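Asker: Before we start, here is the structure in question, set down as structure tokens.
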Amino acid sequence: RKEVEQDPGPFNVPEGATVAFNCTYSNSASQSFFWYRQDCRKEPKLLMSVYSSGNEDGRFTAQLNRASQYISLLIRDSKLSDSATYLCVVKRANSGYALNFGKGTSLLVTP
Amino acid sequence: NAGVTQTPKFQVLKTGQSMTLQCAQDMNHNSMYWYRQDPGMGLRLIYYSASEGTTDKGEVPNGYNVSRLNKREFSLRLESAAPSQTSVYFCASSEAPVREAFFGQGTRLTVV
């Protein structure tokens, strides 16, 4: 079983919609949590870190539930420019704190 | 502000050829990583270097070797390329356990 699981989608939503992505992780030793965004044929880039208390950055809200080993990302008022693949990422103490990636969830925002 | 720089960006190899992918970061990060990304598989860790002078295997190390040349540079070598190594390779670096990693632009490698 892969350590980080995501629904691959694709999610096709109209502009202005709210969309939520979910992610589960299997290793309770995971220490840090992130959402990365990856555009087609580009490198992954940090969208936001995920904190235990939940956090918001503009239209984006991330939540972490350590008890259920579950992470979520909510995007409000979707823009065309939000179209990308969203990667759920966890980091744990071994493996030199390397990032462990989910396979990504594809989002397409349509006019 | 270069960040993480990878070379080359594109490469085509014949089966059995060798090559080295270069990676350098200018952010004074301790940890560096090599990942490969394949369709439907996500990013998988090949090797990592937690600090200068140390390297360790990741999830998919077979067929690869690495060298942490100094704090800035971390290279990935394919000694005898195979078609199964056709992939996009990303180098990344990170400062602290709870901080994010920064990625290079990737190397698109095709082995024929």
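Asker: So if I check each of B:31, B:67, which one is within 16 Å of residue B:19 (Cβ to Cβ), touching a residue at least 12 places away in the same chain (Cβ under 8 Å) and under 13 Å from the mean Cα position of the chain (by Cα)? Break it down into steps so the answer makes sense when it comes.
Answerer: Details: B:31 fails: within 16 Å of residue B:19 (Cβ to Cβ).
When all the criteria are applied, what remains is B:67.
Asker: Counting only residues that are open to solvent by 20 Å² or more (accessible area, probe 1.4 Å) and in a strand (DSSP E or B), which one in region B:64-78 is farthest from the other protein chains (Cβ to nearest Cβ)? Walk me through how you get there before you give the answer.
Answerer: At the first step, the residues of region B:64-78 found to be open to solvent by 20 Å² or more (accessible area, probe 1.4 Å) are B:65-73, B:77.
Going one step further and asking which of them are in a strand (DSSP E or B), we end up with B:65-68, B:73, B:77.
Numbers: B:65: 17, B:66: 12, B:67: 16, B:68: 11, B:73: 16, B:77: 19 Å.
Within region B:64-78, the match that is farthest from the other protein chains (Cβ to nearest Cβ) is B:77.
For every residue, the table says whether it meets (1) open to solvent by less than 30 Å² (accessible area, probe 1.4 Å); (2) away from chain A (no Cβ under 11 Å).
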residue: B:42; (1), (2): yes, no
residue: B:46; (1), (2): yes, no
residue: B:62; (1), (2): no, yes
residue: B:80; (1), (2): no, yes
residue: B:87; (1), (2): yes, yes
residue: B:99; (1), (2): no, no
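Asker: Which residues, taken from region B:79-93, are part of a strand (DSSP E or B) and of a type outside the set (A, V, I, L, M, F, W, C)? Before you say what the answer is, go through the steps one by one.
Answerer: So in region B:79-93, the residues part of a strand (DSSP E or B) come out as B:87-93.
Scanning region B:79-93 gives B:87, B:89, B:93.
Asker: A further question on this structure: Given the structure, is residue A:52 within 19 Å of residue B:100 (Cα to Cα), within 13 Å of another protein chain (Cβ to nearest Cβ), in a loop (DSSP other than H, G, I, E, B) and not basic (Lys, Arg)? Walk me through it before giving the result.
Answerer: Numbers: within 19 Å of residue B:100 (Cα to Cα): yes; within 13 Å of another protein chain (Cβ to nearest Cβ): yes; in a loop (DSSP other than H, G, I, E, B): yes; not basic (Lys, Arg): yes.
So residue A:52 fits the description; yes.
Asker: Tell me the residue from A:53, A:30, A:49, A:26 that is within 12 Å of the chain's Cα centre (by Cα), modelled with pLDDT under 95 and of a type in the set (Ser, Thr, Tyr), please.
Answerer: Details: A:53 fails: within 12 Å of the chain's Cα centre (by Cα); A:30 fails: within 12 Å of the chain's Cα centre (by Cα); A:26 fails: within 12 Å of the chain's Cα centre (by Cα).
Answer to the selection: A:49.
Asker: Determine, yes or no, whether residue B:37 is closer than 23 Å to residue A:5 by Cβ, open to solvent by less than 60 Å² (accessible area, probe 1.4 Å) and among the polar types (S, T, N, Q).
Answerer: On the way: closer than 23 Å to residue A:5 by Cβ: yes; open to solvent by less than 60 Å² (accessible area, probe 1.4 Å): yes; among the polar types (S, T, N, Q): yes.
The answer is yes for residue B:37.
Asker: On the given criteria, is residue A:107 buried (at least 19 other Cβ atoms within 10 Å of the Cβ) and either on the phi < 0 side of the Ramachandran plot or in contact with a Gly (Cβ under 7 Å, 6 or more places away or on another chain) (or both)? I'd like the intermediate steps shown before the answer.
Answerer: On the way: buried (at least 19 other Cβ atoms within 10 Å of the Cβ): yes; either on the phi < 0 side of the Ramachandran plot or in contact with a Gly (Cβ under 7 Å, 6 or more places away or on another chain) (or both): yes.
Criteria met by residue A:107.
Asker: Which of the numbered conditions does residue B:105 fail, given that it passes all the others? Conditions: (1) modelled with pLDDT of 95 or more; (2) more than 8 Å from chain A (Cβ to nearest Cβ); (3) surrounded by fewer than 19 Cβ atoms within 10 Å (Cβ to Cβ).
Answerer: (2)
The values are calculated or read from the model by the stated rules, or taken from the named source; none is laboratory data. If you're wondering where the values come from, they're calculated on a predicted model, not measured in any experiment. Because the Cβ atoms are built from the backbone with ideal geometry, glycine has one as well, and the counts that use them run over all protein chains shown. For the accessible areas, the whole protein counts, side chains as well, though only heavy atoms, and no ligand, DNA or RNA atoms are used. Shrake-Rupley method; radii C 1.70, N 1.55, O 1.52, S 1.80 Å.
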